[in-house]
Amino acid sequence: MKANISAWAIRNPLPSILLFVILTVAGLYSFSRLPITYFPPIITPLVKVTIEQSGATPTELETEVTRLVENAVASLTGIEKITSTIGQGRSVTSVEFELGVVSPDRAVVDVRDAVAKIRSDLPATIDEPVIERVEEEARSVVTYAVSSPTMTVADLSWYVDDLVTRTLQGLPGVGRIERVGGVTREIRIELNRDRLQALSLSASAINESLLRTQIENSGGRSALGGREQALTTMAAAKTVSELADQRIALSSQAAVRLGDLASVQDSAAEARSFATLDGADVVGFAVYPAQGASEVSVADRVSRALAGLGARDKDVRFSLVDDISTYTSGNFSSAMSTLFEGAALAVVVVFLFLRDGRATIVAAVALPLSIIPTFFVIDHLGFSLNILSLLAITLVTGILVDDAIVEIENVVRHRDMGKSAYRAALDASDEIGLAVIAISASIIAVFAPVGFMSGEVGLYFRQFGLTVAIAVFFSLLVARLITPVMAAYFMTGSPRAGEKRGRFILAYERLLRISLNWRWATVGLAAGSFALAMLALSSLPTAFLPEEDTGRLTLSVELPPGSTLDETRVVSDEIAERIRTFKEVEGVFARAGTSISGLEDVRYAVILIDLSHKTERDRSSFAIEAEMEKTLSSIPDVKLRFLNARGGRDLSFALLSTDGEAALEAANAIVAELSADRAFVDPALDNAAMRPELRMRVQTDKAAMLGVSPAAIAQTIRVSTIGDVDSRLPSFTDGTRQIPIRVVIDRNARDDLPTLEMLTVPSDDGAHVPLSAVADISFDETMSAIERLDRERRIEIGVDMADGLTSGQGMERLLQLDSVRNLPEGVGLQATGDSDTESTVFESFAVAMGSGIMLVLVVLILLFGSVLAPWTILASLPLSIGGVAAALYLSGSAISLPVVIGILMLMGIVTKNAIMLLDFAIEREAHGHSRLDAVIEACSERVRPIVMTTLAMAGGMIPSALGVGDGGEFRAPMAIAVIGGLLASTLLSLIVIPSLHLIVSSFGDRMGRMFRLLFNVQSPDF
């Protein structure tokens, strides 16, 4: 039964050939249309609620807005977590739903309904809540700078907002366009403080007057002259000079011209951000790809579209300042090169062992016939060519040729007995069929659970596990349908003359007989070596991901709270100037006004440093980064942090509590203790700084007597200093554009305390009262930003590790600190960023690994029809651990995510040696050989294909282990772990498994006799 399909294929070759012709054509077509991304595309049900209230402090927003929104959405079905970031005048709450529980569209509807129910409870002065589904990737794929000698900054900004955005937004795969730097056009009305006080006017009164007069509304209907006419009211000024001539009513009998009260200018909004490229001001824009879109394709389409705009507008120049697609494309190219190189090495190994050109060609054909159809399946599963799926394809190269090698080597052995190629193929495929199926089924059983891991982590690694499983499945089909056919009809050469056994085989047989005579000692030594290997493995450092040289450095800049945008500019320019002195630097792009996490504040800046490709420089980006840190360390009063490729620090964690003060106090204690430990570098709280505040404390008794409400005081202060909320700004029509009109007092007055004290506030009877008469003005401080997680305050702490220490070692030291072990009641610690992901991924892989081993056991029991033989086969797994530990120690690699994936891969492939040995031994024993003779013959006959397949797999992974090309740092640790484990397992399996088989089989025989005696069961008579 086990060989029927191969025998049928040999006798009827056409169906098998046509099947793989179709699969190959379909696979090539799918390969041409698969998107190329860096990470697997993940479409999560994530909804963002953004609420803005101009001038509101984070503390005020948390109480009046954020808590209400969080409580409203907390009862929705299927919520995974709720996070909120609150800055000056802006609250953003992100609601993430469990995957597979709520669809993204349903999530948006549920959140919108929940917020609508509490809309009346929110402050009247907020802008309308913006509720949107997050549909674009979290990081931009390309960033461009735009410059023109004939345009002002305002004109360039509108050029980006209008023409560039409209042009790019319609391109396939483009999710969002975000302008970086630049200004927004406004009609600015800056009021003269003396005239306001003289006429007893306030900025809010003038803003209200303009709201009532700057209108063009259609309303009403008439049938004049027998034809229906629409009625339109038009009062808006058409030009800025007309706007300046507008009359502002003082009373029912008096009015004053607006231009006499203020300067009216067609200008720009007050700058809260800027962007520079190599020290020169630019207007930039970032392009975010839609979820699932190919980063490389999006970057190419954007480049072509901008080339068209540049050809049309000759004076506009687009400069590419950041492009992650180049690294993504480089990773793809490197993976493809590694694939071809690994395949070539595997084929060379086959030829060196078989020394048969035709047999080598048959083995070589198995690779493309296994890989190309895989592209067809992963395309229909919605996968992309990303770092994980490409990793699966490159590392599975040696495995794919494995089945073919086993088949071909057996065919060659039978042909050398004097059989014809046709007969040799029939007999060999029948003899080896169970072993081939068992080897492939074991690998598929290990990787299938990875493809079905739960949560967001499961979505990332689903593509890795299923890609390996699919490729191995096609490898099995090739070995059962194509390899026997080619062996029967193509390997028709003359059999080789009988060869004497080589010295290696003879030496191996002598060592084998010794180990079998001392079988208990052999197994005992193997168990001891496994214990030592586990001890060595546990002493190795851990990390989430190996650091990669992407040719791109990200520097976070943070000035003290209260710093101005001009001060941020001075610091950013100084940093850029020092960085440009490095010869490896090709460009420095600075964007100020937003932190790396998206928090808007003028004291933050992000510096993107573009380095030459790593093949064009003589030192790594890590060495350059270290030298830059020394160069920049002398800049005073600024926090500078280089971030990793994921935008975080080496170790990050957060304290959570409903009591913000208790969490902050505990966080300060932890940071103080971290600072005293040399293993930690520059520990700091993120978004927990206090900013200066000018506090107006209302004297409620006086205000009530004078008929002044606190709401009127707050509105007067807000409108006078920053203007009204955006939804209540008057507008000015310029062609097809609506330009907001912002009313404020002039800059000098806003920055003068006596003037602020003399601002007039309207009372209920129409009189105007000085602010100082109803409020006490004092200096204080408030939180600059607030972060929340699942309705608790979150205080983030980030720290880098000293040279030679990994994040895993850092987390172990952190948990031993006194301040962490004695946290106040109600305060909890949670790993975040890479630290959180590391623990989640490792736990998920442990579960997947356990599930895979159980599936392998079930599969082997079913295939071998025995309970004990599979346990002997599974003993190959611990034999590989010593090789993993040794390889990692010699290469200086930490136990990271790629290594864990490599160990998982080993769980599937190291069983092949034991399967090949036991399958042959059991078959020989069934033919009447003694168990000892059967084992010795099995080892003698199978040692060549075992060594051949091991070296072929190791050879296929050597290019990955060398770590060359983009993404090589990620692939190398896994390949190193797999090669070390594979070599160690092979060497030990050839000695230990035969001894263990004799021990387990003898135990099985004794248990069988006892069972028959106890239950009086007769042996079956076949």
Next item on the list: May I ask you to list the residues in region 531-576 that are assigned to a helix (DSSP H, G or I), over 30 Å from residue 692 (Cα atoms) and touching a residue at least 12 places away in the same chain (Cβ under 8 Å)?
Entry: 532, 533, 534, 536, 537
Next item on the list: State all residues of region 683-730 that are outside any helix (DSSP H, G or I) and closer than 16 Å to residue 777 by Cα; if no residue qualifies, say none.
Entry: 692, 693, 694, 695, 696, 697, 698, 699
Item checked: Candidates 39, 31, 20, filtered to the one that is under 30 Å from residue 428 (Cα atoms) and either assigned to a helix (DSSP H, G or I) or touching a residue at least 12 places away in the same chain (Cβ under 8 Å) (or both) -> 20
Check: When you go through 218, 202, 209, 222 one by one, which is the residue that is surrounded by fewer than 20 Cβ atoms within 10 Å (Cβ to Cβ) and under 30 Å from residue 721 (Cα atoms)?
Finding: 209
Notebook entry, point to check: Which condition number in (1) modelled with pLDDT under 80; (2) out of contact with any Gly (no Cβ under 7 Å at 6 or more places or on another chain) is the one that residue 966 fails?
Noted result: (2)
Note to self: If the requirement is being more than 26 Å from residue 448 (Cα to Cα) and in contact (Cβ under 8 Å) with a residue 24 or more places away in the chain, which of these qualifies: 910, 978, 947, 899?
What the structure shows: 947
Note to self: Condition first: surrounded by 19 or more Cβ atoms within 10 Å (Cβ to Cβ) and not in a helix (DSSP H, G or I). Now tell me which residues in region 301-317 satisfy that.
What the structure shows: 316
Next item on the list: Output the number of the condition that residue 940 fails; it satisfies all remaining conditions of (1) under 30 Å from residue 343 (Cα atoms); (2) modelled with pLDDT of 80 or more; (3) small (Gly, Ala, Ser); (4) crowded, with 22+ Cβ neighbours inside 10 Å.
Entry: (4)
Checklist line | Tally, over region 338-373, of residues that are under 21 Å from residue 960 (Cα atoms), more than 24 Å from the chain's Cα centre (by Cα) and polar (S, T, N, Q) | finding: 1
Check: Here are some residues: 384, 475, 389. Which one is within 30 Å of residue 292 (Cα to Cα) and touching an Asp or Glu at 6+ places or on another chain (Cβ under 6 Å)?
Finding: 475
Check: If residue 264 passes every condition in (1) crowded, with 19+ Cβ neighbours inside 10 Å; (2) of a type in the set (Val, Ile, Thr); (3) over 51 Å from the mean Cα position of the chain (by Cα) but one, which one does it miss?
Finding: (3)
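Yes or no, residue by residue, for (1) buried (at least 24 other Cβ atoms within 10 Å of the Cβ); (2) at pLDDT below 80; (3) outside the structural domain of residue 611 (by TED's automatic domain parsing):
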| site | (1), (2), (3) |
| --- | --- |
| 933 | no, no, yes |
| 946 | no, no, yes |
| 953 | yes, yes, yes |
| 979 | yes, no, yes |
Item checked: Selection status of residue 731, closer than 22 Å to residue 128 by Cβ and hydroxyl-bearing (Ser, Thr, Tyr) -> yes
Note to self: Can you confirm whether residue 176 is closer than 30 Å to residue 712 by Cβ, of a type in the set (D, E, K, R), out of contact with any Leu (no Cβ under 7 Å at 6 or more places or on another chain) and part of a strand (DSSP E or B)?
What the structure shows: no
Notebook entry, point to check: Mind checking which residues of region 5-61 are under 14 Å from residue 91 (Cα atoms) and among the polar types (S, T, N, Q)?
Noted result: 50, 53, 54, 57, 59
Notebook entry, point to check: Being of a type in the set (A, V, I, L, M, F, W, C) and more than 26 Å from residue 459 (Cβ to Cβ), is that true of even one residue in region 396-404?
Noted result: yes
Next item on the list: Collect the residues in region 39-80 that are within 29 Å of the chain's Cα centre (by Cα) and of a type in the set (A, V, I, L, M), keeping them in residue-number order.
Entry: 42, 43, 46, 47, 49, 51, 69, 73, 74, 76, 79
Notebook entry, point to check: How many residues does region 141-169 contain that are assigned to a loop (DSSP other than H, G, I, E, B), surrounded by fewer than 22 Cβ atoms within 10 Å (Cβ to Cβ) and touching a helix residue (DSSP H, G or I) at 6+ places or on another chain (Cβ under 9 Å)?
Noted result: 2
Margin query: Scan region 205-223 and tell me whether some residue there is more than 30 Å from residue 766 (Cα to Cα) and within 55 Å of the chain's Cα centre (by Cα).
Written below: yes
Next item on the list: Check whether at least one residue in region 710-731 is exposed (fewer than 14 other Cβ atoms within 10 Å of the Cβ), closer than 26 Å to residue 267 by Cβ and of a type outside the set (Asp, Glu), and report yes or no.
Entry: yes
Margin query: Only one of 640, 651, 685 is within 30 Å of residue 145 (Cα to Cα), of a type outside the set (Phe, Trp, Tyr) and surrounded by 15 or more Cβ atoms within 10 Å (Cβ to Cβ). Can you tell me which?
Written below: 640
Notebook entry, point to check: Quick one: would you say residue 667 is within 30 Å of the chain's Cα centre (by Cα) and farther than 26 Å from residue 600 by Cα?
Noted result: no
Note to self: I'd like to verify a number: residues in region 553-590 that are closer than 29 Å to residue 84 by Cβ, under 25 Å from the mean Cα position of the chain (by Cα) and surrounded by 22 or more Cβ atoms within 10 Å (Cβ to Cβ), how many?
What the structure shows: 4
Margin query: Going residue by residue through region 499-508, is there one that turns out to be of a type in the set (A, V, I, L, M), modelled with pLDDT under 80 and part of a helix (DSSP H, G or I)?
Written below: yes
Next item on the list: Scan the strands (runs of 3 or more DSSP E) fully inside region 59-140 and keep the ones with 3 or more residues being within 24 Å of residue 691 (Cβ to Cβ).
Entry: 79-87, 90-97
Next item on the list: Report, by residue number, each residue of region 693-704 that is exposed (fewer than 13 other Cβ atoms within 10 Å of the Cβ) and touching a residue at least 40 places away in the same chain (Cβ under 8 Å).
Entry: 694, 697
Notebook entry, point to check: Tell me, which helices (runs of 4 or more DSSP H) wholly within region 380-473 include 3 or more residues that are in the same structural domain as residue 486 (by TED's automatic domain parsing) and within 18 Å of the chain's Cα centre (by Cα)?
Noted result: 387-395
Notebook entry, point to check: What pairs come up if the first residue lies in region 882-896 and is assigned by TED's automatic domain parsing to the domain that holds residue 528, the second is crowded, with 17+ Cβ neighbours inside 10 Å and among the acidic types (Asp, Glu), and their beta carbons are under 9 Å apart, counting only those six or more places apart or on different chains?
Noted result: 896/838
Margin query: Testing residue 274 on (1) in contact with a Lys or Arg (Cβ under 6 Å, 6 or more places away or on another chain); (2) in contact (Cβ under 8 Å) with a residue 24 or more places away in the chain, one condition comes back false. Which one is that?
Written below: (1)
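The values are calculated or read from the model by the stated rules, or taken from the named source; none is laboratory data. Predicted model only: the values in this text are computed from it and were never measured. Neighbour counts run over all protein chains shown; Cβ positions are idealised from the backbone, glycine included.
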